[in-house]
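The values are calculated or read from the model by the stated rules, or taken from the named source; none is laboratory data. These figures come from a predicted structure and were not determined experimentally. Cβ sites come from the backbone with ideal geometry, for glycine too, and all protein chains shown count toward neighbours. Heads up: the accessible areas ignore ligands, DNA and RNA and are worked out on the full protein's heavy atoms, side chains in. Shrake-Rupley method; radii C 1.70, N 1.55, O 1.52, S 1.80 Å.
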Amino acid sequence: MFNYLHNHYQAFLNGFSRFINNIGASVMMIIVIGITLCLPSTGLLLIENAGQISQNIEHEAEISIFLDRSVSKDQIDFIDLSLKKNSLIKKIHFEPKLIAWEKLQSKLDVAVSSSVSNNPLPDAFFISLNTLDEIKIQKLLDSLDGIDGIDSVTVDGNWIKKLRIGLSLIKLSVFFIAALLIIVLLVVIGNTIRLQT
């Protein structure tokens, strides 16, 4: 046991003396090892921070329902009642075409707004859902297609799911690159030790 420890002690002294004698190359090797380990760690830290930010972003699924230009008031009330009965719908906001036209005119300059005599905008419902389940959302869209007076339906808010999928792919890529860097680092250190031996 004493000989075992003595041999390791002698090897440590020998390695330390070579480190001091080749201080430039040794410091360079330490810097390379540090950079190799810091790169994947920094990438993972940035991805985790981006993931935390995406968790805090409002990510409710939203649906815009645009009605026919000739829809009647009774039909609008019927659509509103049908939406309120649906358990998937969290919030409902109805925007008449006159209010939408006024908002649009306030954003446009005078020349553009005055060149359009008739209101081209339809009445619309903007609803927020309490789920992100694609199957449930698709069933809701199918049920909306069967209601008279609805011209088109647009689903918003899918970008947050695409962002999270992209972050997952980037995270997987960072893990793969980190594994490659560690393997290269181990090979370089192993070859260096073999050459020294």
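Just to verify a number: what accessible area does ILE89 come out at with the full protein assembly present, 1.4 Å probe, Å² rounded to tens? Roughly 20 Å² of ILE89 is accessible to a 1.4 Å probe. Ignoring lysines fewer than eight residues from LYS107 along the same chain, the ones with Cα atoms less than 25 angstrom from its Cα are LYS97. Across ASP68, ASP123, ASP145, the residue with the most accessible area heads the list, and the full order at a 1.4 Å probe is ASP145, ASP68, ASP123. Here the label points at ILE147 and LEU37, each 7 Å from Cα along the C-beta direction, are separated by 6.0 nm in the simple model.
Residue pairs exceeding 26 angstrom between C-alpha atoms, taken from LYS73/LYS136; LYS84/LYS136; LYS73/LYS103: LYS73/LYS136.
Here the Karplus curve 6.51 cos²θ - 1.76 cosθ + 1.60, taken at θ = phi - 60°, turns the phi angles of segment 6-15 into couplings of 5, 4, 5, 5, 5, 5, 5, 5, 5, x Hz, with x standing for Gly and Pro. Which of the lysines could be linked to LYS171 by a straight reach, that is with a Cα gap under 25 Å, when you skip same-chain ones fewer than 8 residues away? Within the straight-line limit of under 25 Å, LYS171 reaches these lysines: LYS161, LYS162.
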